[in-house]
Amino acid sequence: MTIESPATVCNKLQFQSFNVQLFEEPAHEATSILTPGSRYKVVIKVELSAKLKRILCGKWCVSVIAERIGAGADKEKHVVVPMNNCDDAADTIVVELTEDWLDKDGEGPCGNIYSLYVAVVALDNCHSKPVGLAGFARLGDVFTFS
């Protein structure tokens, strides 16, 4: 015997929306220039269909990746947070960054430029393995200086 899924179920196995933004705190202003001593948040909103969200029991694995333009090391920051399966609203995941996260290995003579990316993968709770729901977004280029 084979269990089949209707096309409407298969079509729901995707993000309804996926939004990523970088904000400077405490003003919560969108920015692309990171100033010394400031704090930043990458805010990711992942929305799934309500029916799909209730059958998933997992967690979000989020990676913020900064690719350095020019000489220097790339950076990665990873967080794993539980899904909110009981609320139909989009899950909001916040990854906090500091300006020195990017420049702690050295500053260029006029500053540094990084391309920022965010990857989101749904993991199961049993073995922390991907469950086939993933996405990524390019935040764009950011400039840092001291």
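Each residue in the range 27-49 was checked for being under 23 Å from Val81 (Cα atoms) and over 16 Å from the mean Cα position of the chain (by Cα), and 3 of them qualify. When the range 14-32 is filtered for residues that are exposed (fewer than 13 other Cβ atoms within 10 Å of the Cβ), of a type outside the set (D, E, K, R) and over 14 Å from Thr92 (Cβ atoms), the ones remaining, listed by number, are Pro26, Ala27, Ala30. Looking at the range 55-68, can you tell me whether even one residue there is buried (at least 18 other Cβ atoms within 10 Å of the Cβ), more than 24 Å from Leu133 (Cα to Cα) and not charged (D, E, K, R)? There is no residue in the range 55-68 that is buried (at least 18 other Cβ atoms within 10 Å of the Cβ), more than 24 Å from Leu133 (Cα to Cα) and not charged (D, E, K, R). How about the range 43-61: which of its residues are of a type outside the set (A, V, I, L, M) and in a loop (DSSP other than H, G, I, E, B)? Within the range 43-61, Ser49, Cys57 qualify. No other residue among Val80, Val64 is in contact (Cβ under 8 Å) with a residue 40 or more places away in the chain, within 23 Å of Pro26 (Cβ to Cβ) and part of a strand (DSSP E or B) apart from Val64.
None of the figures in this text is laboratory data; all of them are computed from the coordinates on show. The model shown is predicted, which means the values in this text are computed figures rather than measured ones. No Cβ is skipped: glycine too gets one built from the backbone with ideal geometry, and neighbour counts run over all protein chains shown.
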